[in-house]
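Values quoted throughout were computed directly from the atomic coordinates according to the rules given, and no laboratory measurement underlies them. This one's a predicted model, so the numbers in the text were calculated from it and none came from an experiment. Here the Cβ is made from the backbone with ideal geometry for all residues, glycine too, and neighbour counts use every protein chain on show.
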Amino acid sequence: MNSGLDNNVPIIDGRIAWWPGYDAIGVGGQEHFPGNFSRLNKTKTISINLSHNQNKINFLNPRSTNTFASQDPIAVILMVAITIIIAALLLLMLIWLPSFTDDRVPDIFRIQSVKHTDDHGVLNNNGYVVLVNAGSADYINYLLFARTYVNGNEKEIISSLNDNQFIPSHHFDVKNMGGLGADGSPTNSLSRWYRSQTIWIDYKNGLIHPGDTLMIEVYNKSSGAIISRDTWPRSDPRSETDWWVAEFTHPGT
């Protein structure tokens, strides 16, 4: 039995014809050759080295010797499509979901009302402000302090939101402070500004006038980090997404 084929082997319909005396066997459209051979492919000679019973060559497509080559473009297309879909989903998440680096400060402690009249409704340039804990967490009130801004100008810092700690301190822009949220001993961890509770701050007369823009920021004493910021009159209503950011990034103390 011959060990190879010469270059004169005829090609019929893209296949190498099987000649008696040569070990070339057709199997399901494929030919198996045990040795070294070369076949003419119209314009050039393709040389293939096959060891016995190791490889099968598909001659139905004389331009390729790899049956898996035709699958590569499909795999590439699928990978590109999957990549585009994942990129689109990530883009939607960045647009619609809150970013954890969002520099907007939540309004956990909201300005509920600002009053410029006395108990009889007479205008006296009073600055009686009520804040409410509109979040879902409780905060130790003696670990909080507040900054007040009127028309962008900072006023006196309220050193503590615990009334028993603040009232004995030296202060000029605030006459008094109280409310359930400010109550308790400044040494008891149960002295908390609980959810839905209010704190009222009575600023000195003339500090806040009708039509003024009031902004109050509340900070954590231990870390110095801002917890809440709210402005009155309120011109930037918060969305449900903003509330989600507030509750996730500013837990209670």
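Things to note:
- When only the Cβ of Lys, Arg, Asp and Glu is charged (+1, +1, -1, -1), the dipole of the stretch 109-249 relative to its Cα centre reaches about 120 debye.
- For residue 155, the amide hydrogen comes within under 5 Å of the amide hydrogens of 148, 149, 150, counting only partners 5 or more places away or on other chains and with H modelled in the peptide plane.
- The local environment of residue 172, defined by Cβ-Cβ distances under 14 Å, has a net charge of -1 under the rule Lys, Arg +1 and Asp, Glu -1.
- Under Stokes-Einstein, with the Kirkwood radius over Cα pairs as Rh, the value for the stretch 143-202 at 37 °C and 0.692 mPa s is 273 µm²/s.
- Per residue, the Cα convex hull of the stretch 109-249 amounts to 115 Å³.
- As a proxy for reagent exposure, ranking 208, 216 by other Cβ atoms within 10 Å from fewest up yields 216, 208.
- Rounded to the nearest Hz, the phi-derived 3J(HN,Hα) couplings of the stretch 167-172 under the Karplus curve 6.51 cos²θ - 1.76 cosθ + 1.60 (θ = phi - 60°) are 4, x, 7, 7, 8, 10, where x marks glycine and proline.
- In this structure, residue 212 and residue 75 have a Cβ-Cβ separation that, at R0 = 51 Å, corresponds to a calculated FRET efficiency of about 0.15.
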